[in-house]
Amino acid sequence: MSWYFGYILAYFIFMFAIGIYYFTKIKTSDSYLIAGWNMGFWNIVGTIISTNCGAAVFIGWIGMGFTMGISGFLKFALPAMLVSMLLIFFFSRPLRRQRLYTLADLFSERFGSKTGIIPSVLSAFIYSVPTTALQIVGMSTVFSIAFNMNVKTGIVLSFILILGFTILGGLVATIVTDAIQSVILIAGIVMLAYAALQFGGGMEHILSNTPRDFLTPLGANGLGDVLLFALSVAPFYLVWQSTWQRIFASKTEDIAIKAGLTGYAITLCISVLPYSIGIMARQFVPADIHPDLIFSYVTVEMLPPYIGGIILIGLLSALMTGADSFILQGSSNITQDLYHRLLNPNATEKQMMFVSRLSVVIISVLSLLVAFALTDIVSMYQWALRLSATTLVFPFLAIMFWKRTTNTAVISSMLLACCTTILWPLLQTGIDQTIPGFIISFCSLVIISLWTKHSSTENVKAVYWEDLPSANRKIDDIDSAENKAV
């Protein structure tokens, strides 16, 4: 236990030192929420790796490997990373050119402030709150593993630590620490994979003693099952605000693209490991073990504490960076989309900073409440992805490419798709709600756009090629960075 305590204490001393340092440096809400639009290549690479490797990777994906085999990689990690890379490659320039803060900011600039409410609520509460809760639960698992701490006590302690760091340093501290933590995270998952390989008896023994269905890319249920699962996951990553924030936070458009693609390519390579660990664990963990407990079983029960402690810090790094990123995502929505746009357009910088930190508290407290109710990490995460994707993906693409789309159509499409996705399982048809959700979203968007006219609040633009009024915002950090780049 002394090894665990020493590692964890040193880790949090380092994190809070960084947070306190940036607390003294941050003077504006732009710096707090969007890192001053001024992050360099390696900072963006590191934060993408760290943000994408939270509880879902260390706990959820290892569990998927244990129960599904390598097909889990094709169902979840591969489509998620590829779609994220498509977003980076094709949309970084037009999105960053608009000088936006959030996903909802795009909807508000195109159609008016009220239209941004739905994507803002989805991003802040439907996605950010439960996914932050996942990180809190995951961190409580670390404390339970290391110190035999009661789960509820661990959840409360995790909440306090996450809230404390996030409220101090904002996105700047998050991105800087992410870049450093990405190294620890990669080292931890590689060490865990090597340990699992040794405990499993070596590669030859593992391959010869693992059922074929766990080693084939399509798994036991074939291509249709893989594609359906991927459909419920991948589209969301076009509208994942954490990636959008990294695009906006980059110093230049070129850095946003190069660093983004590099970060996701590395993450894609890393993501093979947790599924492999889950497969290898079938050789040496109890057959009836809960999949979410495999990580802790290997780390604590089978590894010496001086090695297991390093792996625990890798998980802790992943959980901290995921949590503060998701909290700040929700905070941006509350501060920029709800408070600034709807309630107080003339807010002073002092008011914006106060609301920014207050919204961090709001998201964190809601996440704490949800954390006490979570049981299945992957299912909860997948549900949030499904609802956000079916509601937002087609309206986002229409804003980018189709000038004819109207305010009425976008609002109707979002509401109908959201209701369909939520209510469809009650019909017990056996058809995944993602399919009717996307169909309703697309059809209603096209039909209603053709039947209605543009409202007076709209800026009628195909944003991929044309600029919204926000592109003319005068933000000193952006302008100075781009002038230096020229």
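The values are calculated or read from the model by the stated rules, or taken from the named source; none is laboratory data. Note that the coordinates shown come from a computational prediction; the quantities given were computed from them, not determined experimentally. Cβ placement follows ideal geometry from the backbone for every residue including glycine, while neighbour counts extend to all protein chains displayed. Ligands, DNA and RNA are stripped out before the accessible areas are found, and what is left, the full protein with its side chains, is counted by its heavy atoms. Shrake-Rupley method; radii C 1.70, N 1.55, O 1.52, S 1.80 Å.
Would a scan of the range 308-328 turn up a residue that is surrounded by fewer than 20 Cβ atoms within 10 Å (Cβ to Cβ) and either under 13 Å from residue 130 (Cα atoms) or in contact (Cβ under 8 Å) with a residue 24 or more places away in the chain (or both)? There is at least one residue in the range 308-328 that is surrounded by fewer than 20 Cβ atoms within 10 Å (Cβ to Cβ) and either under 13 Å from residue 130 (Cα atoms) or in contact (Cβ under 8 Å) with a residue 24 or more places away in the chain (or both). Only one entry in 415, 387, 397 is in contact (Cβ under 8 Å) with a residue 12 or more places away in the chain, open to solvent by less than 10 Å² (accessible area, probe 1.4 Å), closer than 25 Å to residue 95 by Cα and not hydroxyl-bearing (Ser, Thr, Tyr), namely 387. Looking across the range 263-299, the residues that are in a helix (DSSP H, G or I), open to solvent by 10 Å² or more (accessible area, probe 1.4 Å) and out of contact with any Gly (no Cβ under 6 Å at 6 or more places or on another chain) come down to 265, 266, 268, 269, 270, 272, 273, 276, 293, 296, 297. Mind listing whichever residues of the range 163-197 are over 22 Å from residue 42 (Cα atoms) and in contact with a helix residue (DSSP H, G or I) (Cβ under 9 Å, 6 or more places away or on another chain)? Hits for the range 163-197 are 163, 164, 167, 168, 191, 192, 193, 195, 196, 197.
This table checks each residue for (1) touching an Asp or Glu at 6+ places or on another chain (Cβ under 9 Å); (2) part of a loop (DSSP other than H, G, I, E, B); (3) crowded, with 17+ Cβ neighbours inside 10 Å.
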| site | (1), (2), (3) |
| --- | --- |
| 181 | no, no, yes |
| 187 | no, no, no |
| 190 | no, no, no |
| 198 | no, no, no |
| 201 | no, yes, no |
| 205 | no, no, no |
| 208 | no, no, no |
| 217 | no, yes, no |
| 220 | yes, yes, no |
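Report whether or not residue 51 is surrounded by 24 or more Cβ atoms within 10 Å (Cβ to Cβ) and farther than 30 Å from residue 312 by Cα.
Working: surrounded by 24 or more Cβ atoms within 10 Å (Cβ to Cβ): yes; farther than 30 Å from residue 312 by Cα: no.
Here the answer is no, as residue 51 does not meet what is asked.
Evaluation of residue 70 against the conditions (1) buried (at least 24 other Cβ atoms within 10 Å of the Cβ); (2) at pLDDT 90 or above; (3) of a type in the set (Val, Ile, Thr); (4) more than 29 Å from residue 343 (Cα to Cα) shows that the sole unmet condition is (1).
For the range 407-424, state whether one or more residues are in contact with a Pro (Cβ under 9 Å, 6 or more places away or on another chain), closer than 16 Å to residue 449 by Cβ and assigned to a loop (DSSP other than H, G, I, E, B). No, the range 407-424 contains no residue that is in contact with a Pro (Cβ under 9 Å, 6 or more places away or on another chain), closer than 16 Å to residue 449 by Cβ and assigned to a loop (DSSP other than H, G, I, E, B).
Please verify whether residue 164 is crowded, with 19+ Cβ neighbours inside 10 Å, touching a Phe, Trp or Tyr at 6+ places or on another chain (Cβ under 8 Å) and part of a helix (DSSP H, G or I), treating the condition exactly as stated. Break it down stepwise before answering.
Working: crowded, with 19+ Cβ neighbours inside 10 Å: no; touching a Phe, Trp or Tyr at 6+ places or on another chain (Cβ under 8 Å): yes; part of a helix (DSSP H, G or I): yes.
No, not satisfied.
Of 125, 107, 89, all but one fail to be outside any loop (DSSP other than H, G, I, E, B), open to solvent by 30 Å² or more (accessible area, probe 1.4 Å) and more than 30 Å from residue 152 (Cα to Cα); the exception is 89. Restricting the first member to the range 277-294 and to residues that are closer than 18 Å to residue 137 by Cα, and the second to residues that are basic (Lys, Arg) and surrounded by fewer than 21 Cβ atoms within 10 Å (Cβ to Cβ), no beta-carbon pair is closer than 8 Å while six or more apart or on different chains. Return the residues of the range 389-436 that are at pLDDT 95 or above, small (Gly, Ala, Ser) and more than 16 Å from residue 114 (Cβ to Cβ); say none if nothing qualifies. Hits for the range 389-436 are 398, 417.
Taken as a whole, the structure leaves residue 229 outside the set of residues that are among the aromatic types (Phe, Trp, Tyr), open to solvent by less than 10 Å² (accessible area, probe 1.4 Å) and assigned to a helix (DSSP H, G or I).
Does residue 258 count as at pLDDT 90 or above, part of a helix (DSSP H, G or I) and basic (Lys, Arg)?
On the way: at pLDDT 90 or above: yes; part of a helix (DSSP H, G or I): yes; basic (Lys, Arg): yes.
Criteria met by residue 258.
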